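The values are calculated or read from the model by the stated rules, or taken from the named source; none is laboratory data. Computed from a predicted model, the values in this text were never measured in an experiment. Here Cβ is always computed from backbone atoms with ideal geometry, including for glycine, and neighbour counts include all displayed protein chains. Heavy atoms of the whole protein, side chains included, go into the accessibility calculation; ligands, DNA and RNA do not. Shrake-Rupley method; radii C 1.70, N 1.55, O 1.52, S 1.80 Å.
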2 protein chains.
Amino acid sequence: MPTADAKIVVLTAPGEGLPEGMEALKKEAEVHLAEDGSTLRNAIPGAAVLCVTDFRTDALSEAWAAADNLQWIHATSAGVDALLIPPVRESDIPVTNARGVFDLCIAEYVLGQVISFCKDFAGNLRLQQAQQWVHRETEPVAGRTVLVVGAGSIGRQIGRLCKAVGMAVDGVGRRARSGDDEFGAIYAQADLLSILPDYDFVVIAAPLTPQTEGLFGQAEFKAMHPSARLINIGRGPIVQTTALVAALENGEIDGAALDVFEQEPLPADHPLWGFENVHISAHMAGDFFGWRKALSEQFIENFHRWQAGDPLQNVVDKAQGFIGTN
Amino acid sequence: MPTADAKIVVLTAPGEGLPEGMEALKKEAEVHLAEDGSTLRNAIPGAAVLCVTDFRTDALSEAWAAADNLQWIHATSAGVDALLIPPVRESDIPVTNARGVFDLCIAEYVLGQVISFCKDFAGNLRLQQAQQWVHRETEPVAGRTVLVVGAGSIGRQIGRLCKAVGMAVDGVGRRARSGDDEFGAIYAQADLLSILPDYDFVVIAAPLTPQTEGLFGQAEFKAMHPSARLINIGRGPIVQTTALVAALENGEIDGAALDVFEQEPLPADHPLWGFENVHISAHMAGDFFGWRKALSEQFIENFHRWQAGDPLQNVVDKAQGFIGTN
């Protein structure tokens, strides 16, 4: 039952402190901070609400036995994979996520990567560093084909922007369907291998679930067109990194823009850093100036709904691992 | 008068040879190649048509006195500044240009530069070269403001793409007007200084004319917002390079993407190469794979109109220096 002095635990990455915008909550709730398994285990007894801002957290397992009053878990991320440990899945506790907050900026990042590949902006920068003037021909963007794997709110926004600049956009969802607003067609994940050869760009915008883990491996890269590029803004483990490195070395695909990795931070000696046709960013595609505050505001708004006994927004289907819209 | 065996001179940059797609003309006309003032002077007597593929040419003055039969000059570029020497301006000879061919790719380049600035793609690449994982926050694109200086076909296509991703786009044309499809408002060039402070991005898409030469100098850069970026895909001399370098050194603007320069190629020791917030490309924004063939086809189509006595397409207003649509 919601109470006026509800206890909220905010679980952050170590050393981060209370996120911007969460201070306001202290007026209406008892707010505790935790940053790893042991501090979470100490803080969680009596807590009704757990807000997880560290999307890589492994603290829940250690603290779970002490969660004696937990009624709601919120993640300030789109992906909830780290949260969905078996006892959370099996419990009746609702899990909500940050659906919507990152969509537009991630879609802008993806479109920017598409254009950067077509116009060889990375090549421009390397030539600039060498102070060399080298005229080249580049690729049009309009008319190119994009396959967005993951037809949730982020994938749909990516589809919308790519379509707005004249690209032909299809999607991959749980089941095939047509007549979609953003996507020309939506294919079922089971058909991935047969449709991959047709696309200039393949964008991974799926959540990490048992169904998507390792989805892109040797066979998928071989199926892609040799001139195609992969863009991953979903989760690192959806791609088999070793197979990706091999595909890049063998020229089976023509490049990759990667914002997420199996191991984050990407180790300093990892071969992916060294490819000229790989664009690397530090899991930041959606993190616009003010994102932490926006995430806090979204959580507080949902907290007010919870206090009032109203239905929570953005409730994750724990069996699927994401909000079930597709 | 058009004749079946019309003599056409194609003036290219030295050593380029006959552009792809022009061979087809040899079946229906006498095609001569020239690549500088002296070869043009030898080739031009008797020629009815001059097709100039070198947008930097200075050959016309030297050869002009020998042009005894010239009836039409075509430029395979959007800008015709190098062609419009006084005797061409004062003659009755129509000048046509390559309107339309480059529009979409240039607009894609501009949108890509906008997104690259917002998402700090250049910073990503430098960190990648150093094998460093550094998370940063970046800027949204939607909601940012763009001023497109030059409301011709290239400027309008830039406006269309920027608007499609949610930016607020205004234009600068010869005269102020509202109710435009691509632009929120179109301001007169005379009002430039007063409106410049309001924009996150200022894009130069104007032709080089006596009215635009040196248009961006010290006062204009001081008027721009310190967080604003300049993008020039028009012509180099529209910007006073010394003033631009000073503005970048003094932090009066936050960056520039430059595809065109007062001196091309940009000299190897030029200070512009060295700014981390300047993106340099080698006058190639519109040059997609197949551009030369597309330009040849556009010229040949116009040649057929000329042969048939039909009105030529894309006739430049020689007094203005561009096609008079705005």
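Structure notes:
- When both bridge partners sit in segment A:103-280, DSSP labels roughly 5% of those beta bridges antiparallel.
- Counting Lys and Arg as +1 and Asp and Glu as -1 over every other residue whose Cβ lies under 11 Å from the Cβ of B:Glu182, the net charge comes to 0.
- Residues B:Asp81, A:Asp198, A:Asp181, ordered by accessible area of protein heavy atoms at a 1.4 angstrom probe radius and largest first, appear as A:Asp181, A:Asp198, B:Asp81.
- 20 Å reach of a label modelled at A:Gln132, 7 Å along Cα-to-Cβ, counting backbone N of segment A:262-281: A:274-279
- Remark on B:Cys51: its backbone amide H falls under 5 Å from those of B:Val9, B:Val10, B:Leu11, B:His74, a criterion applied only to residues 5 or more positions apart or on other chains, H modelled at 1.01 Å from N.
- Karplus-derived 3J(HN,Hα), 6.51/-1.76/1.60, for each residue of segment A:210-223, Hz, glycine and proline x: x, 6, 9, 4, x, 4, 9, x, 3, 5, 5, 5, 5, 6
- With contributions of -39500 (n - 2.57) from each DSSP H run of at least four residues, the per-residue ellipticity at 222 nm computed over the protein assembly as shown stands at -8000 deg cm²/dmol.
- Spin-label proximity, A:Asn277 to segment A:172-214 - amide N less than 18 Å from point 7 Å beyond Cα toward beta carbon: A:196-204
- In this structure the amide hydrogen of A:Ala256, modeled in the peptide plane, comes within under 5 Å of the amide hydrogens of A:Leu230, A:Val278, A:His279, none closer than 5 places in sequence on its chain.
- Residues whose amide H falls under 5 Å from that of A:Ala78, counting only those 5 or more places apart or on a different chain, are A:Ala98, with hydrogens built in the peptide plane.
- Shape of the protein assembly as shown from the C-alpha gyration tensor: prolate (a/c of 1.5 or more and a/b above b/c, with a ≥ b ≥ c the square roots of its eigenvalues).
- Length-normalised contact order of chain A in % [C-alpha pairs under 8 Å, at least 6 apart]: 16
- Calculated accessible area for segment B:29-115 comes out at 34 Å² per residue, all protein chains present (probe 1.4 Å; ligands, DNA, RNA ignored).
- Chain A and chain B together bury an accessible surface of about 4600 square angstrom, both sides counted, with a 1.4 Å probe and no ligands or nucleic acids included.
- Net charge of Cβ neighbours under 9 Å - reference A:Lys318; Lys, Arg +1; Asp, Glu -1: -1
- DSSP-defined beta bridges in chain A - what % are antiparallel, rounded to 5: 5
- Total formal charge among the other residues, if their Cβ is under 12 angstrom from that of A:Leu147, Lys/Arg +1 and Asp/Glu -1: -3
- Heavy-atom accessible surface of segment B:257-326: percent carbon and sulfur, 1.4 Å: 50
- Chain B shape via C-alpha gyration tensor axes, a/c threshold 1.5: prolate
- Straight-line cross-link partners of A:Lys163 among the lysines, defined as a Cα under 28 Å from its Cα and at least 8 positions apart when in the same chain: A:Lys119, A:Lys222, B:Lys119, B:Lys163, B:Lys293.
- Remark: the Cα gyration tensor places segment B:103-280 in the oblate category, a/c being 1.5 or greater and a/b not exceeding b/c.
- Hz values of 3J(HN,Hα) by residue in segment B:291-300 - Karplus curve (6.51, -1.76, 1.60), Gly and Pro given as x: 4, 5, 5, 4, 5, 5, 5, 5, 5, 5
- Coil-residue GluC sites (Glu not before Pro) of segment B:265-326, DSSP, other Cβ within 10 Å capped at 13: B:Glu276
- Residue-by-residue Karplus 3J(HN,Hα) for segment A:29-37, coefficients 6.51, -1.76, 1.60, Hz, glycine and proline x: 7, 8, 9, 10, 10, 9, 9, 6, x
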